[in-house]
Amino acid sequence: MLLLMYFYYYILKTLSLLTILSIFFSSRIADCYQRSTKSLLIFLFSITTGCLVIFSITCKGIIPFNMPVVYVTYILACVFVTGTTPLFYELAVECVYPVPEAMSTLFLSLMGSCSMLVFFMLFMIPNMDMRWTNWVFVGSVAACVPGLLIYNEKYTRLDLDTGDKGSVTI
């Protein structure tokens, strides 16, 4: 039993380290490719969706259950979805530029917290089957891709910062 606890502790420690590194890595890529935030987010959300679909169909039993597949797909999904967070905030701040950064990030944080509150309150319903939660995670991540595809990106704040006066319209 103690060996199993150390194993799970090691997995959680590895997951924490990987998610922290993914935030730094995605932020660094966004700095290098400043006008490609939308493309990078679509790429990361697509990979996350693929990992979560494999995870969910493995847990459901559609494909044979394999513990390494479950661990790898869930850890990769967590790493990639965590890497999208700073990029998503950056894209939102660019989108609403004349509005101060604090207001736009406050709004995003508030909306995220409210949706998590509703999600967690559903667990308080007695005798409710919880197998739907995997598919809610898949759907919530997959729903970001079409939203990003129809989003028309503009970098007004970046243009002002870099001195590109030709494309600045406020």
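The values are calculated or read from the model by the stated rules, or taken from the named source; none is laboratory data. The model shown is predicted, which means the values in this text are computed figures rather than measured ones. Quick reminder, even Gly has a Cβ in these numbers, built from the backbone with ideal geometry, and neighbours come from all protein chains shown. Protein only, heavy atoms only, side chains kept; ligands, DNA and RNA dropped before computing areas. Shrake-Rupley method; radii C 1.70, N 1.55, O 1.52, S 1.80 Å.
A compact table of results
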| read-out | value |
| --- | --- |
| Criterion violated by VAL96 - all others in (1) open to solvent by less than 70 Å² (accessible area, probe 1.4 Å); (2) within 21 Å of THR48 (Cα to Cα) satisfied | (2) |
| When residues of region 80-93 are limited to those that are over 13 Å from ALA30 (Cα atoms) and at pLDDT 85 or above, the one surrounded by the fewest Cβ atoms within 10 Å (Cβ to Cβ) | ALA92 |
| Selection status of VAL145, in contact with a Phe, Trp or Tyr (Cβ under 9 Å, 6 or more places away or on another chain), within 24 Å of LEU15 (Cα to Cα) and surrounded by 10 or more Cβ atoms within 10 Å (Cβ to Cβ) | no |
| Odd one out for GLU101 among (1) at pLDDT below 85; (2) surrounded by fewer than 10 Cβ atoms within 10 Å (Cβ to Cβ) | (2) |
| Condition met for PHE119 (open to solvent by less than 90 Å² (accessible area, probe 1.4 Å), within 20 Å of PHE45 (Cβ to Cβ), without any contact (Cβ under 8 Å) to a residue 40 or more places away in the chain and among the aromatic types (Phe, Trp, Tyr)) | yes |
| Any hit, region 30-46, residues being hydroxyl-bearing (Ser, Thr, Tyr), within 21 Å of VAL136 (Cβ to Cβ) and either more than 13 Å from the chain's Cα centre (by Cα) or in a helix (DSSP H, G or I) (or both) | yes |
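A quick yes/no check of all residues on (1) of a type outside the set (S, T, N, Q); (2) surrounded by 12 or more Cβ atoms within 10 Å (Cβ to Cβ); (3) modelled with pLDDT of 90 or more:
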{"position": "ILE20", "(1), (2), (3)": "yes, yes, no"}
{"position": "PHE25", "(1), (2), (3)": "yes, yes, no"}
{"position": "ASP31", "(1), (2), (3)": "yes, no, no"}
{"position": "PHE45", "(1), (2), (3)": "yes, yes, yes"}
{"position": "GLY61", "(1), (2), (3)": "yes, no, no"}
{"position": "PRO64", "(1), (2), (3)": "yes, no, no"}
{"position": "VAL70", "(1), (2), (3)": "yes, yes, no"}
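Results for (1) in contact (Cβ under 8 Å) with a residue 12 or more places away in the chain; (2) touching a Phe, Trp or Tyr at 6+ places or on another chain (Cβ under 9 Å), shown as yes or no for each residue.
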site	(1), (2)
PHE25	yes, no
ILE42	yes, no
THR48	yes, yes
MET67	no, no
PHE88	yes, no
PRO100	no, no
THR105	yes, yes
MET111	no, no
